Amino acid sequence: MDYDTVPAAQFGAALQGITLNLLARDVRGEAAFLAGVLGCAIYRASDDYAIVLHGKTVMQLHADRTFAAHALYGLLPEASPRGAGIEIRLHGVDPDTACAQAGGFADAIVLAAPQDKSGHGLREAVILSPSGYAFVPSLPLAR
């Protein structure tokens, strides 16, 4: 699918499984973070909307104002962070590299530095995005 040119109705009808819709005050800033820190591919980034891919996983970023008629709109917090209670795990992303790159984003916060989690079999970190979502880049531990 050509994410840059596919009509919205065709894109929506083609979605399967689980996708993530994240609300952001600054869609372009959030997209830049996802690309620059976590290596995601960005398509159709505008002030209102972006399509983001991590592997085959689709995330959509929506500006708050695009949800003005949505039931969630009244629940949006005025201040960050958002997303408390959810981790967005990005497998196959080096947590050490991601944390180093997060330093280039003023609003990104390394909440938990990279560490080996033998119980999970992963090396992982926790990074809050500019919108306050908790992203967990991880790689399998060497055996």
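Just so it is clear, none of the values below were taken in a lab; they were calculated from the coordinates. Every value quoted in this text rests on a predicted model; they were computed, and no experiment measured them.
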(request) Working from Cα positions, state the angle (0 to 90°, nearest 10) between the long axis of helix 27-38 and the longest principal axis of the chain. (result) 30 degrees
(request) Show the residues, 5+ positions off or on another chain, whose built amide H is closer than 5 Å to the amide H of R123. (result) K117, L139, L141
(message) Can you work out the Karplus-derived ³J(HN,Hα) for every residue in segment 53-65? Use 6.51 cos²θ - 1.76 cosθ + 1.60 with θ = phi - 60°, whole Hz, and x for glycine or proline.
(response) 10, 10, x, 9, 7, 9, 10, 10, 9, 10, 5, 3, 4
(request) Report, by chain and number, residues whose modeled amide H sits under 5 Å from the one on Y49, excluding near sequence neighbours (fewer than 5 apart, same chain). (result) A63
(message) Going by amide H atoms built from the backbone, whose H comes under 5 Å of the H on C40, apart from near neighbours?
(response) A35
